[in-house]
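S.K.: One structure, pasted below without further comment.
Every number in this text was worked out from the coordinates using simple rules, so none of it is lab data. Remember, predicted model here, so these are calculated numbers, not experimental data. Cβ sites come from the backbone with ideal geometry, for glycine too, and all protein chains shown count toward neighbours.
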Amino acid sequence: MQQVYQQFLHFITSLRRGIYILLSNILEKAAFFLIFLFIAREFSKDIFGLISASFAFANIIASIFEGGLNFYFQRESAVRNPNLHKELNNGFNLRLFLFIPYIIMTSIYFGLTGLPYFYTSFFIALAVFAFSINNLFNAVLFGRNEYKSSFKYLLISRASLVLIIAGKLFFNSSIEFISFVFAFSGLLHTILLLRDLSTKNLKINLSFIDIATTKRILVSALPMGIGMIMVWIYDRVDVIIIQNYLGYSFVAIYAVAYSLFKLPQSFANFLLTPLFSELSIVFGEKGFLPISLLKNKLITLMIFAVPVVLLLYYLSQFIISFLYSPSYLASAPIMKLLVLCLPGLLLNNFTGTTLNSCRKERIVTISVLWAAIINIALNIILIPRYQLMGAALASIITEYFTFSYQFTYILKNHLLKEDNHAAVDAGSL
């Protein structure tokens, strides 16, 4: 009973510590969920599928040019790197320079696959790039545990997104206008973050890219960046394959199931986002991570995951019918299957965070590289044969493979040890 009580206290402490992360993820998911729900109900399945596929492709391309900088700047901000200002300016200018190949690649693809709705997809590409810049700046705030400020700016930008679209509902909004408001919301968020950073002596300037600084950053950041590219690929490539094999209406059916399945991951970030900063500090001091610390965090994660899995599994038909209308009930069997890989998804997020905090970025990169190869191969094999169920099966196999690979490495290389000295709770650091 005492152990249960202590675990409950640990859960409450983690929740309190990550409350603004939780609120930010709820806000972000709620805003996008409501808008996507509106699109699904008010427009055809083909248009909803087009929007989902456009976001999927733009995010994959954006991840190629992120270079792991978000992880790098969160970690360096947490450890108070004295060169942070110079490096952050360099990282921002590098990201702006890479906008050129990003917009060329996305424009060519959207021109080839959805020309009648090119401007819709183009505005989505601009929005995704703005979100990428915002994630870069947010990483600095996260590293300094300034989650409340981050939440405040997100609230303003996403409230504007929802309110503008809601206001235009009375005037029969076009899908082009809705996609434009996504981009506007991202730009507003960027302006708010820039103002905040300038008050912290981290003023962002447009300048030339310093090659020596860039090399120093990328040596550490690129392995994490390559890992994120692979994650985005195996997370979104099924949508692209479904689009090409089956069409946009099938993308819409799959997107409904997948979006509901992914919701819990965002809420779990109240634990995982601050965990990266905390574990980075502990590992830097000790050279290992205390087993007791990781055990408590893992139990907390599973306490969150298990009831969510049960809820989504048994209420899938009701949830989809109520939210999206009965016309999307074909998504229910897909959602039931996808929910089974939710524990694997959360666990590999946990082990990936652990490895990155121990500066084992290369291992994370290798694991997700193999995961991406396996996922693409499985999707190509299974989708033509089993359609959407094949995509769901590929996701399940991929998530548990990634967790198994990373967890095995952690155990074999003794990154976790019993702490024989006074226990240090990372959350107090």
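S.K.: What's the center-to-center distance, using Cα atoms, between region 45-100 and region 109-187 in Å?
M.R.: 14 Å
S.K.: Among I21, I381, which comes first, then next, by fewest other beta-carbon atoms within 10 Å?
M.R.: Numbers: I21 24, I381 13.
Ascending number of Cβ neighbours within 10 Å: I381, I21.
S.K.: Would you list the P(r) distribution for region 293-429, with all Cα-Cα distances sorted into 5 Å bins from 0 and each bin expressed as a whole %?
M.R.: Pairs per bin, as whole percents: 2, 9, 14, 17, 17, 15, 11, 7, 5, 3, 1, 0.
S.K.: Here's another thing I want to ask about it. Given the options I104, I191, I217, state which has the largest fluctuation in a GNM of the chain using a 10 Å cut-off (strictly under) for Cα springs.
M.R.: I104
S.K.: Cut-off is 10 Å between beta-carbons; in what order do R158, R385, R216 appear when sorted fewest neighbours first?
M.R.: Numbers: R158 20, R385 8, R216 14.
By the 10 Å Cβ count, ascending, the order reads R385, R216, R158.
S.K.: Percent relative contact order of region 2-428, based on C-alpha pairs within less than 8 angstrom and at least six residues apart?
M.R.: The value is 23 percent.
S.K.: Note down the net charge around T120, summing +1 for each Lys or Arg and -1 for each Asp or Glu among other residues with Cβ under 14 Å from its Cβ.
M.R.: Working: positive: none; negative: D46, E176.
So the surrounding residues net to -2.
S.K.: How many percent of the alpha carbon pairs in the chain exceed a separation of 38 Å?
M.R.: Tail of the P(r) past 38 Å holds 19 percent of the pairs.
S.K.: Right, here's the next one. Highest GNM mean-square fluctuation, the chain, Cα pairs closer than 10 Å: which of S179, S325, S357?
M.R.: Maximum among the listed residues: S325.
S.K.: Taking only the Cα atoms of region 59-124, how large is their convex hull per residue, in Å³?
M.R.: 78 Å³
S.K.: Please turn the phi angles of region 401-409 into ³J(HN,Hα) values with the Karplus equation 6.51 cos²θ - 1.76 cosθ + 1.60 (θ = phi - 60°), one per residue in order, whole Hz, x for glycine and proline.
M.R.: Per-residue couplings from phi come out as 4, 4, 4, 4, 4, 5, 5, 4, 5 Hz.
S.K.: Treat the count of other C-beta atoms within 10 Å as a stand-in for reagent exposure and order Y102, Y234 from fewest to most. Write down the numbers at each step before the final one.
M.R.: On the way: Y102 20, Y234 25.
Ascending number of Cβ neighbours within 10 Å: Y102, Y234.
S.K.: Taking the Cα centre of each part, how many Å lie between region 292-325 and region 221-259?
M.R.: 22 Å
S.K.: Whole-Hz ³J(HN,Hα) for each residue in region 183-192, computed from phi via Karplus 6.51 cos²θ - 1.76 cosθ + 1.60 with θ = phi - 60°, x for glycine and proline: what do you get?
M.R.: 5, 4, 4, x, 5, 4, 4, 4, 4, 5
S.K.: Which value, to two decimals, describes the C-alpha radius of gyration of region 232-299 once divided by 2.2 N^0.38 Å?
M.R.: On the way: Rg = 18.3 Å, N = 68, 2.2 N^0.38 = 10.9 Å.
For region 232-299, the normalised Cα radius of gyration comes out at 1.68.
S.K.: I've got another one for you. Go through K29/K417; K152/K360; K200/K295; K215/K417; K203/K297; K152/K262 and tell me which ones have a Cα-Cα distance over 30 Å in this structure.
M.R.: Beyond 30 Å: K29/K417; K152/K360; K200/K295; K215/K417; K203/K297.
S.K.: If a/c stays under 1.5 just call it rounded; otherwise compare a/b with b/c (prolate if a/b is bigger, oblate if not). Do that for region 91-135, with a ≥ b ≥ c from the square roots of the Cα gyration tensor eigenvalues.
M.R.: Working: a/c = 4.15, a/b = 1.93, b/c = 2.15.
It is oblate, given that a/c is not under 1.5 and a/b is not larger than b/c.
S.K.: In sequence order, what are the phi-derived ³J(HN,Hα) couplings for region 121-132 according to the Karplus relation 6.51 cos²θ - 1.76 cosθ + 1.60 with θ = phi - 60°, rounded to whole Hz, with x for glycine and proline?
M.R.: Result, ordered by residue: 5, 5, 5, 5, 4, 5, 4, 5, 5, 4, 4, 5 Hz.
S.K.: Using helices alone, I'd like the mean residue ellipticity at 222 nm for the chain: each DSSP H run of four-plus residues gives -39500 (n - 2.57), total over residue count, nearest 500.
M.R.: The helix-only estimate for the chain comes to -28500 deg cm²/dmol at 222 nm.
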